[in-house]
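What follows is one structure encoded as structure tokens, with my remarks underneath.
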Amino acid sequence: MNDKAILVGVDGSHASYKATWWAANYAKHAGLSLQIVCAYSLPSYAAVSFDSSYTAVSDDQTAHQDAQEILSKAKAIANEQGVEAQTLIVTGDPSSVFVELSRNYNLIVIGNRGKGGLAERLLGTTSSSLPAYAYCPIVVVPYTDDDGNLLHLNNHITRVAVGSDDTKWGIKALDIAAAFSGQWDAELDVICVVPASKNAAEDALAKAEAELDERLAPIEEKYPNLTIRRSIVQGNAIATLSKASCNHDIVVVGSCGRGGLSGLLMNSTSQGLLQHSSSPVYVVPRKYVEAEAARTSDQTSTETQSAETPVAIDQLVKEVPVQPATEQEAHEIEQAIDPEHEQYDNK
């Protein structure tokens, strides 16, 4: 596992370039390396290429050249943040490829709300595969709000929100959110959502408060200098966290695919938070939590052994060094994806 690198997926959409910007900014702050990967599959590429022009099924060379051009632009965006990124190309179904790649990384970043492309394949009808089945956390970076307005991403993260429940996925999300907040010296808002009910509402709130206190005790001990605010909200988890995303720089959630707060991410209404968030969503997947628990306790099983044995990167992807696009091209893309954002201060 490459625990010193962040992987970001690009497909030529502005949404993926915005994800590249976020990943590079975070890599710069955290002192991590950045790898940018462009994945394409020839059968789907045959119908429409990256730039929406038609091409022949067998024209792998054209697809490869388009991928290099996309990587060149993404690399230039990373360079603007002072990050020298490694560029990779892989052929194959993006959903399957990224799930396999997730065995090798501690974090993968993808963009959302582009016009089709990678985000749609990873987050659409067949797409729950990445957040649901990934072996590492996933950050999903939004491009626009529900009204189509471009979203601004801050260079420095000052407020982090985390959806908290008593599942092991939710507990892990809380721990990750606290560590992430500490890394940025940011404030942490811990949000516990309970179903609205007229019956025994006071008892439900009292129980939720006691459970939240218990979950927060080790966090407060581990991060004594961290500013933590807690809130218990009656209502819908997706609506509550989507609202929180409007005034937080990132929202952290656990995802198990069944039951609890995090389960809402993967059911029929599951894409709610991912599709409506106004800030990046940091998803902590079930397989990641299970694999980490297995490693800690030295348990063995078919699944956890598989999770612990990363697929060799060179079996999946090929490093293709590219020259970054010009500073002017990078500036034009940055102005298009986020006119408000300031250049990263390298001093």
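The values are calculated or read from the model by the stated rules, or taken from the named source; none is laboratory data. Values in this document were obtained by computation on a predicted structure and should not be read as measured data. With ideal geometry, Cβ positions are generated from the backbone for all residues, glycine too; neighbour counts draw on all protein chains shown.
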Spans of helices (runs of 4 or more DSSP H) in the stretch 264-342 with at least 1 residues at pLDDT below 70: 271-276, 286-297, 302-308, 313-316
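If a residue must be at pLDDT 90 or above and part of a loop (DSSP other than H, G, I, E, B), how many such residues does the stretch 181-198 contain?
Residues in the stretch 181-198 being at pLDDT 90 or above and part of a loop (DSSP other than H, G, I, E, B): 2 in total.
State whether one or more residues within the stretch 223-236 are closer than 24 Å to Tyr288 by Cα and touching a Phe, Trp or Tyr at 6+ places or on another chain (Cβ under 6 Å).
Within the stretch 223-236 (the criterion being closer than 24 Å to Tyr288 by Cα and touching a Phe, Trp or Tyr at 6+ places or on another chain (Cβ under 6 Å)), the answer is no, since none of the residues qualifies.
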Residue list for the stretch 36-53, filter: within 19 Å of Asp93 (Cα to Cα) and either modelled with pLDDT of 95 or more or outside any helix (DSSP H, G or I) (or both): Ile36, Val37, Cys38, Ala39, Tyr40, Ser41, Val48, Ser49, Phe50, Asp51, Ser52
Within the stretch 136-184, considering residues that are of a type in the set (Ser, Thr, Tyr), more than 17 Å from the chain's Cα centre (by Cα) and farther than 17 Å from Ser242 by Cα, the one surrounded by the most Cβ atoms within 10 Å (Cβ to Cβ): Thr167
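What helices (runs of 4 or more DSSP H) completely inside the stretch 76-177 contain at least 2 residues that are modelled with pLDDT under 90 and among the charged types (D, E, K, R)? Outline the logic, then answer.
Details: elements: 94-101, 117-123, 129-133.
The qualifying helices (runs of 4 or more DSSP H) are 117-123.
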